[in-house]
Each structure stands twice: as structure tokens, then as C-alpha cells.
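Everything below concerns the one structure shown next.
Readers should treat all values here as calculations from the given coordinates under stated rules, not as data from a laboratory. Since this is a predicted model, take the numbers as computed values, not measurements. No Cβ is skipped: glycine too gets one built from the backbone with ideal geometry, and neighbour counts run over all protein chains shown.
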Amino acid sequence: MVKPTRVTNRIRALRFAHDEMTQAELADRISVTRQTVIAIEQGRYSPSLEMAFQIAHVFKVPLDEVFQYPGSQEETQ
Amino acid sequence: MTLEERRAWIRLIVSVAAYGGYAFVVLSRAGDRPLAEVPYGAALLWSVGGAILATIALEVVVAAARPASLVKDERDREIGRLGDHVGQAFVVIGAVAAMLMAIAGWDRFWIANVIYVCFALSSVLGNVAKVIVYRRSLPQW
């Protein structure tokens, strides 16, 4: 059964908050294609945990400020 | 479009063209005689060899005409695995069908052709799966 991903992200907002970083710049920083960054931003691809950490490191924020999962906020409170 | 997506398109188009060309040649030679009597060996070898050479040539030409990033990332690898997984089923079906046909004493024409049609289906459907996933999203099971 194919299910849509429930993981959401704030990559687009974080890019704009970091000197309007382009998708190509972010892709270069984490050694992926620009199309992969686009797919992640649009929720069409869930990155591996390692790539997710690399993205968080680029923006110098914790992982859960980049990626969110429904219900994870209430569970951690 | 990533380098790997371009490759999937090229392989899809070449596979369809190569098998279509082969089928056209064999069917046009048939006339009124049974298909199993049609000479097919040279056409089949030219089709397979031509497809390999055309794929290499087109990849070189397209890469030279429109340079793309040479990066192959984890998404490319996952999509590649999914496409290979889809295509692999047809290779197995072809091999099993050819084995059973050989045991049953079928004509060599049909054995060679069932193998080739399954190779062609493997390539076409594997690359169709890749192209669809590149355009949409990787399925989550």
C-alpha cells in the first residue's frame, strides 16, 4: 500500500531566513541534486535521517525545527 | 532534470525503438509463412547491439549538449533500485518461460523471442517506473 508521507518541513522558510539561500546552494552544501531539494521541500520525498541532519546543520538549527511529524509536538510536551 | 532521470528517458525511448524495429522487421518478413520459419537471429542481434550502442551514444550527446550536475544522490539510488526491482520481475518471467518452453520442445524462435520480449518489457517498465517516480514521489510502504 502506497501512503503519502506525513513528514512536513520548513526548508523553504529557513532558506529565505538564511540570506535567501537558493535551492542550488542548499543542494551543493549537502551534495545532492537541486531536484532532490525541490522534492523534499514539496513533500514528495522523505530524506534519510543522515540527509535530514545535514540540512539541519546547514541552517544551524535542531532537526525538529526543520522537519515535523503530526503529533510529535504534543508527545514531547 | 537530473542526469539519472535523463538516462531513464533515453533507455526507455531506445528500448521501445529497438524492440519496435525488431518486431517490424520480423513481421514484415513473415508474409504468409508461419512466424517460426522467419529468419530472426541477425535482426535480434542487431536490435540488442544497436540498443546498447544507441544508449551510450545518446547519453554522450545529451550530456555534451545540455550539461547537468554529475551528482547521483540517495534519491537517485532509491529510484534506481525501485526501477530495477520492477524490471527484474520480467527477466525472471522470461527465464522461467524460456525454460518451460525448452522442456516442452517449443521451436527456438519462440524461446528466443519470449526472452527478448521479456528483456524489452523489463527495460521499458523499469524505466517507466523511474520516470513516474521522478515526476511524482517515491512510494512509502
Q | Conditions (1) over 14 Å from the mean Cα position of the chain (by Cα); (2) over 21 Å from B:Val26 (Cβ atoms); (3) in a helix (DSSP H, G or I); number of the one not met by B:Lys130 | A | (1)
Q: Mind listing whichever residues of region B:69-107 are among the aromatic types (Phe, Trp, Tyr) and in a helix (DSSP H, G or I)?
A: B:Phe90
Q.
Going through B:Pro34, B:Pro67 one at a time, which residue ends up being loosely packed, with under 14 Cβ neighbours inside 10 Å, out of contact with any Cys (no Cβ under 7 Å at 6 or more places or on another chain) and within 14 Å of another protein chain (Cβ to nearest Cβ)?
A. B:Pro67
Q) Tell me, which helices (runs of 4 or more DSSP H) lie completely within region A:1-68 with 1 or more residues that are more than 14 Å from chain B (Cβ to nearest Cβ) and small (Gly, Ala, Ser)? A) A:11-17, A:49-59
**Q.** Criterion (surrounded by 18 or more Cβ atoms within 10 Å (Cβ to Cβ), of a type in the set (A, V, I, L, M, F, W, C) and either under 16 Å from the mean Cα position of the chain (by Cα) or more than 14 Å from B:Ser15 (Cα to Cα) (or both)) met by exactly one of B:Ala51, B:Ala95
**A.** B:Ala51
